[in-house]
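Engineer: Below is one structure. I have some questions about it.
The values are calculated or read from the model by the stated rules, or taken from the named source; none is laboratory data. Keep in mind that this is a model prediction, so the values were computed, not measured. With ideal geometry, Cβ positions are generated from the backbone for all residues, glycine too; neighbour counts draw on all protein chains shown.
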Amino acid sequence: MTVATILEMVLAAVVLALGVWTIAARETFAATVGYVAYGLLVPLIWVRLDAVDVALTEAAIGGGLGGVLLLGAAARLRPSEPATAAETPGKIVRLSAAGASVMIAAALAAAVLLLPDPAPTLAPAAVANASATGLANPVTNVLMAFRAMDTMLEKVVLLLAIVGVWSLASDRAWGGRPGPRHQAGPHGVLVFLARLLPPVGIVVGIYILWTGANHPGGAFQGGSILAAMWLLVIMAGLTDTPAVGGRWLRLVLIAGPGVFLIVGLGGLCFGPAFLAYPLPPHAKPLILIIEVAMVSTIAVTLGLLLAGAPERSDQG
Amino acid sequence: MSFALDILTIVAVSAGAFFFLAGTVGLLRFPDTLTRLHALTKADNLGLGLVVLGLLPQAGSLRHGLKLVGIWLLALLAGATVSQLIARAARQSGSAR
């Protein structure tokens, strides 16, 4: 047994234990902290599996933005938590929940264990056809070309998520700004960080988008870094959240799926099929245009998802 | 030369791992928020710094080396800021004694 194998086994055991602890923890806040730690360790497993693209996304979403979202929810739920914890569901409900969980776990285990060996894979086909787009990163090829439909629909899902969050607003606050106006001392530590870090973070975010063509990275990973920088500036009180009624904001929110759809329809009009790209010299610039539109949409959407529903009128 | 560099790597990374261990023990054993933060920042600053120092000879190119140093500097910045914020919050809520 090599050192790497032992490391992997320890890693898997810790992740499993964290998963169990997250479910078993009584307090919402404790469970959230467990989940964030879980979300930071799972990327290490993805790196060990040579899936660096997935690891980057998991670290940014599972450990970072998802964690912040859950922490915010836990903070909001805290006043009502004792009341919720006091209502224990009946024995039948608990037994059927346990039964359903065991059945789902068994079905998943069977699906994984009954896979033929070697498992069916399209990876060689994806690598062999990399020249069709002019991009060297096979993951970006799959996301942007071979399974472009999924990626486009994923951006529509992001849009639906933000519509869902906004629809929680009261009528009075509709069109206003989400979340409280953050105030921090002008010479405080947070303001210092919010002035120092974003220039670095913006360069790293754009670099990760750009390098995604040939190396691990891409619009989602870059977009979440940009969103984090934006949120940092908002939390330090250096800028306010945008009013959700703004025309420019709405335009940026639909830019990603919109540009994707236009390019897709272009493929239908001038090419063989929906989302069909032209031949190599022209495919890569087109994909880059979509990615730039997508990274703006992703950054703004993730930032607004964390900012929450509009709470204040535009002037407030 | 490469042997000496390998020795440097082993010594520095082991020292870094020791600081992480000591920081974790401190985090678990120290009595209040401020001393726990103190232990934690040792792991971040010195532990990660020594690990990065040890990995520099193995980086292969100047670019990779600079990336490693950049990661350490970013972790320093984030660690220092966050521990300040936590310490301030702890002092305001009165849990730091």
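Engineer: Of the residues B:Gly16, B:Gly54, which is crowded, with 16+ Cβ neighbours inside 10 Å, touching a residue at least 40 places away in the same chain (Cβ under 8 Å) and farther than 28 Å from A:Met229 by Cα?
Structural biologist: On the way: B:Gly16 fails: touching a residue at least 40 places away in the same chain (Cβ under 8 Å).
Going through B:Gly16, B:Gly54 in turn, the sole match is B:Gly54.
Engineer: Related question: On the basis of being among the hydrophobic types (A, V, I, L, M, F, W, C) and in a helix (DSSP H, G or I), does A:Ala119 make the cut?
Structural biologist: Working: among the hydrophobic types (A, V, I, L, M, F, W, C): yes; in a helix (DSSP H, G or I): no.
Here the answer is no, as A:Ala119 does not meet what is asked.
Engineer: Mind listing just one residue for me: the one in segment A:174-229 that is within 20 Å of B:Leu74 (Cα to Cα) and not in a helix (DSSP H, G or I) and, of those, nearest to the chain's Cα centre (by Cα)?
Structural biologist: By that ranking, first place goes to A:Gly217.
Engineer: A further question on this structure: Among the residues of segment A:161-172, are any crowded, with 16+ Cβ neighbours inside 10 Å, more than 14 Å from every other protein chain (Cβ to nearest Cβ), out of contact with any helix residue (DSSP H, G or I) (no Cβ under 9 Å at 6 or more places or on another chain) and in contact (Cβ under 8 Å) with a residue 60 or more places away in the chain? Don't jump to the end; show me each part of the working.
Structural biologist: We begin by selecting, within segment A:161-172, every residue crowded, with 16+ Cβ neighbours inside 10 Å; these are A:162, A:165-166, A:169.
Next, only the ones that are more than 14 Å from every other protein chain (Cβ to nearest Cβ) stay: A:162, A:165-166, A:169.
Now drop any that are not out of contact with any helix residue (DSSP H, G or I) (no Cβ under 9 Å at 6 or more places or on another chain), which leaves A:169.
Then drop every residue that is not in contact (Cβ under 8 Å) with a residue 60 or more places away in the chain, which leaves A:169.
Yes, that holds for at least one residue.
Engineer: Please work out which one of (1) more than 29 Å from A:Phe192 (Cβ to Cβ); (2) of a type outside the set (S, T, N, Q); (3) at pLDDT below 90 is the condition A:Gly258 fails and give its number.
Structural biologist: All conditions pass for A:Gly258, except number (3).
Engineer: Quick check on my filter: what residues within segment A:20-32 are in contact with an Asp or Glu (Cβ under 9 Å, 6 or more places away or on another chain) and either over 21 Å from A:Ala83 (Cβ atoms) or not in a helix (DSSP H, G or I) (or both)?
Structural biologist: Selection gives A:Glu27 alone.
Engineer: If B:Ala87 satisfies all but one of (1) farther than 17 Å from B:Gly16 by Cα; (2) more than 14 Å from chain A (Cβ to nearest Cβ); (3) touching a residue at least 40 places away in the same chain (Cβ under 8 Å), what's the number of the condition it fails?
Structural biologist: It is condition (2) that B:Ala87 fails.
Engineer: So which residues in segment A:232-243 are buried (at least 22 other Cβ atoms within 10 Å of the Cβ) and closer than 25 Å to A:Ser170 by Cα, if there are any at all? Even if it seems obvious, please write down each step before you answer.
Structural biologist: If we filter segment A:232-243 for residues that are buried (at least 22 other Cβ atoms within 10 Å of the Cβ), which is where we start, we get A:236, A:241.
Correct list: A:Thr241 only.
Engineer: So is B:Thr35 of a type in the set (Ser, Thr, Tyr) and within 14 Å of another protein chain (Cβ to nearest Cβ) or not? It would help to see each step written out before you state the result.
Structural biologist: Values: of a type in the set (Ser, Thr, Tyr): yes; within 14 Å of another protein chain (Cβ to nearest Cβ): no.
No; evaluated as a whole, the condition is false for this residue.
Engineer: Please go through segment A:146-168 and pick out each residue that is among the β-branched types (Val, Ile, Thr), under 16 Å from the mean Cα position of the chain (by Cα) and closer than 15 Å to A:Val244 by Cβ. Lay out the reasoning, then the answer.
Structural biologist: First, the residues of segment A:146-168 that are among the β-branched types (Val, Ile, Thr): A:151, A:156-157, A:162-163, A:165.
Filter again for under 16 Å from the mean Cα position of the chain (by Cα), leaving A:151, A:156-157, A:162, A:165.
Those that are among the β-branched types (Val, Ile, Thr), under 16 Å from the mean Cα position of the chain (by Cα) and closer than 15 Å to A:Val244 by Cβ: A:Ile162, A:Val165.
Engineer: For the structure I just gave you, tell me whether A:Ala243 is more than 13 Å from chain B (Cβ to nearest Cβ) and hydrophobic (A, V, I, L, M, F, W, C). Steps first, answer last, please.
Structural biologist: On the way: more than 13 Å from chain B (Cβ to nearest Cβ): yes; hydrophobic (A, V, I, L, M, F, W, C): yes.
Considered against the rule, which asks whether it is more than 13 Å from chain B (Cβ to nearest Cβ) and hydrophobic (A, V, I, L, M, F, W, C), A:Ala243 comes out as yes.
Engineer: Something else: Take segment A:244-302 and flag every residue that is in a loop (DSSP other than H, G, I, E, B) and buried (at least 17 other Cβ atoms within 10 Å of the Cβ). Don't jump to the end; show me each part of the working.
Structural biologist: Taking segment A:244-302 first, the residues in a loop (DSSP other than H, G, I, E, B) are A:244-246, A:271-279.
Those that are in a loop (DSSP other than H, G, I, E, B) and buried (at least 17 other Cβ atoms within 10 Å of the Cβ): A:Val244, A:Leu275, A:Tyr277.
Engineer: A further question follows. When you go through (1) surrounded by 15 or more Cβ atoms within 10 Å (Cβ to Cβ); (2) more than 22 Å from A:Leu197 (Cβ to Cβ); (3) touching a Gly at 6+ places or on another chain (Cβ under 9 Å) one by one for B:Ile10, which number turns out not to apply?
Structural biologist: All conditions are met except number (1).
Engineer: So which of B:Ala39, B:Ala59 ends up being modelled with pLDDT under 90 and under 29 Å from B:Ile86 (Cα atoms)?
Structural biologist: Working: B:Ala59 fails: under 29 Å from B:Ile86 (Cα atoms).
Being modelled with pLDDT under 90 and under 29 Å from B:Ile86 (Cα atoms) holds for just one of B:Ala39, B:Ala59, which is B:Ala39.
Engineer: Cβ-Cβ below 7 Å, separation at least six or inter-chain, first residue in segment A:10-26 and among the hydroxyl-bearing types (Ser, Thr, Tyr), second in a helix (DSSP H, G or I): which pairs?
Structural biologist: If the second residue must be in a helix (DSSP H, G or I), the pairs left are A:Thr22/A:Ala31; A:Thr22/A:Gly34; A:Thr22/A:Tyr35; A:Thr22/A:Tyr38.
Engineer: Which number in (1) in contact (Cβ under 8 Å) with a residue 60 or more places away in the chain; (2) over 27 Å from A:Leu304 (Cβ atoms) marks the one condition that A:Gly90 misses?
Structural biologist: (1)
Engineer: If you don't mind, another one. Which of the residues belonging to segment B:50-97 are closer than 18 Å to B:Leu5 by Cβ and within 11 Å of the chain's Cα centre (by Cα)?
Structural biologist: If the condition is that a residue be closer than 18 Å to B:Leu5 by Cβ and within 11 Å of the chain's Cα centre (by Cα), then B:Leu50, B:Val51, B:Val52 are the ones that fit.
Engineer: Which residue, of B:Leu66, B:Leu34, B:Leu50, is part of a helix (DSSP H, G or I), closer than 26 Å to A:Phe192 by Cβ and at pLDDT 90 or above? Step through it out loud before you land on a result.
Structural biologist: Working: B:Leu34 fails: at pLDDT 90 or above; B:Leu50 fails: closer than 26 Å to A:Phe192 by Cβ.
Matching residue, one of B:Leu66, B:Leu34, B:Leu50: B:Leu66.
Engineer: Residue check, A:Val127 against (1) modelled with pLDDT of 85 or more; (2) surrounded by 10 or more Cβ atoms within 10 Å (Cβ to Cβ), all met but one. Which one?
Structural biologist: Among (1) modelled with pLDDT of 85 or more; (2) surrounded by 10 or more Cβ atoms within 10 Å (Cβ to Cβ), the lone unmet condition for A:Val127 is (1).
Engineer: Does A:Leu113 satisfy being touching a residue at least 60 places away in the same chain (Cβ under 8 Å) and either closer than 30 Å to A:Gly267 by Cβ or surrounded by fewer than 17 Cβ atoms within 10 Å (Cβ to Cβ) (or both)?
Structural biologist: On the way: touching a residue at least 60 places away in the same chain (Cβ under 8 Å): no; either closer than 30 Å to A:Gly267 by Cβ or surrounded by fewer than 17 Cβ atoms within 10 Å (Cβ to Cβ) (or both): yes.
No; evaluated as a whole, the condition is false for this residue.
Engineer: So B:Gly60 fits all but one of (1) within 13 Å of chain A (Cβ to nearest Cβ); (2) surrounded by fewer than 13 Cβ atoms within 10 Å (Cβ to Cβ); what number is the exception?
Structural biologist: (1)
Engineer: Given A:Gly223, A:Gly201, A:Gly188, which one is away from chain B (no Cβ under 14 Å) and surrounded by 15 or more Cβ atoms within 10 Å (Cβ to Cβ)? Break it down into steps so the answer makes sense when it comes.
Structural biologist: Working: A:Gly201 fails: away from chain B (no Cβ under 14 Å); A:Gly188 fails: away from chain B (no Cβ under 14 Å).
Just a single option satisfies the conditions, and that option is A:Gly223.
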